[in-house]
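Structure first, commentary second.
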Amino acid sequence: MSRLLLINRRPEQRRVALIENGVTTELFFERLKDQTLVGNVYKGRVVRVLPGMQAAFVEAGLQRTGFLFVGDVARPEADDADDEVEGEGRERGDRGDRYPPIDTLVTNGQSIIVQISKMPMGNKGARLTTHISLPGRHLVYMPTVEHVGVSRRIQDPEERARLKAMATAVKPAVGGLIVRTASEGLDEAGLAEDVRFLTELWAEVQKRGLDARPPTLLHEDLDLTLRSVRDLLTDSDDRVVVDDDRELERILDFVRRFMPDFERNILRWDSQEPMFERYGVEWEITRASRRKVWLKSGGYILIDRTEALTAIDVNTGRFVGKTNFEETILAINLEAVKEIAYQLRLRDIGGIIVLDFIDMQSLANQEKVVAALVAELAKDRAQTNVLPISKLGLLEMTRKRVRNSIVHSLTDPCFYCEGKGYLRSIGVICDSILFALHQQLRSERGKAVEVRAHPKVTEALVHDFEGELERVELLYDAQLELQVAPEMHLEWFEVRVGDKGAPPASRRAIDLPPDARGGDAE
């Protein structure tokens with residue numbers, strides 16, 4: 001299956017879209033000032049060893065110290081590597097019980113060469129490893145692991161055996177190799193050339209590390225454009241279309257050096273119509289930032305991200321079906337499976353994912369849905385693990401996470417609601433105004449008071465809180481006046497106090513959402 005790789009360059013950003021069978025299946029974004037750190041190699045310094053967590057914190061010159069788990073510390077006697085998907089490294093999710101104590105492997109103040117395996121996410125620093133992986137076009141070289149593996153995406157047993165035998169023959173004296181998908185059909189000479197390049201690269205990294213003082217960057221991985229060309233072009237019919245002359249020249253230089261057979265596949269976009277619009281990518285970018293995704297049948301899924309996991313809820317919406325109720329539910333769940341697998345890949349959502357399908361009474365139907373999900377996820381380059389539907393009707397799965405989801409690039413936290421995704425109710429806002437009035441008028445009786453607020457809030461004060469406002473006037477001998485302020489945020493309000501018969505003099509303004517100020521009153 002041939003694929004199309006679209007590369008769009010903006011003044012401050014690179015965008016890459018992978019098109020398969022006319023459908024946008026993967027999106028990548030990289031701001032030029034915030035290039036990904038995954039794959040970079042540093043000489044760092046251990047600043048804190050935590051025996052109770054079987055981990056250490058390492059200063060590598062990043063904004064936060066990186067996290068080094070005991071299972072990611074290379075040990076000469078260890079040889080536990082598995083065949084990897086595209087050589088992206090291992091997922092170490094266990095507690096560390098089967099490893100030696102972390103303080104027998106690293107010590108405070110020690111200099112150490114580490115590689116970033118996962119980007120910083122939220123308040124967490126980067127995930128580090130001393131199991132260095134240097135990817136080439138056809139191979140991944142792992143200097144600290146004595147192992148030869150083949151990408152799981154190469155499924156033909158005979159081809160896997162052939163490639164593993166060749167990789168074993170060309171394996172360097174120190175270190176191991178992972179054969180990448182792009183090696184399918186390659187001869188031994190092609191693998192040997194990659195081994196030569198990668199071992200020389202590692203020798204250069206080690207040489208720089210000898211004299212460098214931590215923290216120091218020793219090796220920087222390719223940027224988004226060149227990394228996408230290296231990793232995503234696998235078939236001779238795959239094409240790359242670029243809409244920027246400078247990016248085109250960079251790609252051609254890279255391809256001529258490392259992938260000469262693909263030079264004829266690199267094309268310049270020459271239409272006045274924006275490339276991403278022509279291929280429908282802009283529409284998919286818009287969909288990728290939405291919480292609700294509609295299905296063709298009229299059903300929909302809701303995608304909610306939290307710090308710990310992603311929850312996806314399936315709903316029937318306007319879909320009523322044409323047969324019995326159980327068959328209707330099965331149909332909507334099977335349709336949702338395809339969209340869920342697509343959105344996980346498109347948005348690059350990783351970590352723990354909980355799927356809440358519409359409840360199915362039939363165990364056979366539940367198994368059909370799980371089997372359909374596994375089949376759809378097989379198209380994904382990221383490693384996934386799917387569990388059966390639980391007694392509560394929930395399906396738990398994991399998807400390997402290396403970097404933040406593209407949703408982080410497409411959205412900003414809502415400065416209205418501080419990212420919580422909802423507003424305070426009108427009733428709660430009115431209560432806050434009443435509280436502010438009591439606080440202000442306790443020491444300033446007999447005053448005129450002006451309250452400015454959003455139209456919806458003033459309307460609620462008049463219709464639902466008239467009695468409370470009258471009590472405030474009587475209790476403090478006050479004269480209240482409500483002013484409608486359409487330009488104000490729903491959660492904002494102002495209280496102005498002055499002498500009766502004169503414009504309000506003193507001003508009490510709630511000019512930020514109250515939640516953002518730590519309370520409703522000053």
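Quick notes on this structure:
- The peptide list 331-339, 203-211, put in order of mean Cβ contacts within 10 Å with the highest first, becomes 331-339, 203-211.
- Probe 1.4 Å - accessible area at Thr458, Å² to nearest ten: 10
- Amide N of the stretch 359-401 lying under 18 Å from the label point, which is placed 7 angstrom from the Cα of Asn324 along Cα→Cβ: 359-369
- Ordered from highest to lowest accessible area with the whole protein assembly present and a 1.4 Å probe, Ser151, Ser297 read as Ser297, Ser151.
- Computed lengthening from Leu394 to Asp499, 0.36 nm per intervening residue step minus Cα-Cα distance: 31.6 nm
- D_trans [Stokes-Einstein, Kirkwood Rh over alpha-carbon pairs] for the chain, 37 °C, 0.692 mPa s, µm² s⁻¹: 120
- FRET E, pair Asp235, Ala311, Förster distance 45 Å, beta-carbon r, rounded to 0.05: 0.80
- Sorting the segments 475-488, 427-440 by their residues' average number of neighbouring beta-carbon atoms within 10 angstrom, most packed first, yields 427-440, 475-488.
- Ranked by solvent-accessible area (1.4 Å probe, protein heavy atoms only, all chains present), the residues Thr398, Thr168 order from largest to smallest as Thr168, Thr398.
- Accessible-area ranking of Arg424, Arg153, largest first, probe 1.4 Å: Arg153, Arg424
- Estimated inter-spin distance, Glu487 and Glu158, nm [label 7 Å along Cα→Cβ]: 7.7
- Between Thr411 and Thr286, full extension at 0.36 nm per residue minus the direct alpha carbon distance yields a gain of 44.0 nm.
- Sulfur and carbon atoms: percent of accessible area, the stretch 138-182 [1.4 Å]: 56
- Solvent exposure of the stretch 132-265 amounts to 47 Å² per residue of accessible area, where only protein heavy atoms count and the probe is 1.4 Å.
- Each label was represented as a point 7 Å from its Cα along the Cα-to-Cβ direction; for Asp34 and Leu334 these points are 4.1 nm apart.
- Cβ-Cβ FRET estimate between Ala169 and Tyr422, R0 fixed at 56 Å, reported to 0.05: 0.35
- Links that overshoot a 22 Å alpha carbon limit, given the list Lys292/Lys368; Lys296/Lys400; Lys338/Lys368: Lys292/Lys368; Lys296/Lys400
- Residues whose amide H falls under 5 Å from that of Ile113, counting only those 5 or more places apart or on a different chain, are Gly44, with hydrogens built in the peptide plane.
- Label-point gap, in nm, between Arg278 and Asp261 - each point 7 angstrom along Cα→Cβ: 2.8
The values are calculated or read from the model by the stated rules, or taken from the named source; none is laboratory data. Owing to the predicted nature of the structure, the values given are computational and were not obtained by experimental measurement. Note: ideal-geometry Cβ built from the backbone for every residue, glycine included; neighbour counts use all protein chains shown. For the accessible areas, the whole protein counts, side chains as well, though only heavy atoms, and no ligand, DNA or RNA atoms are used. Shrake-Rupley method; radii C 1.70, N 1.55, O 1.52, S 1.80 Å.
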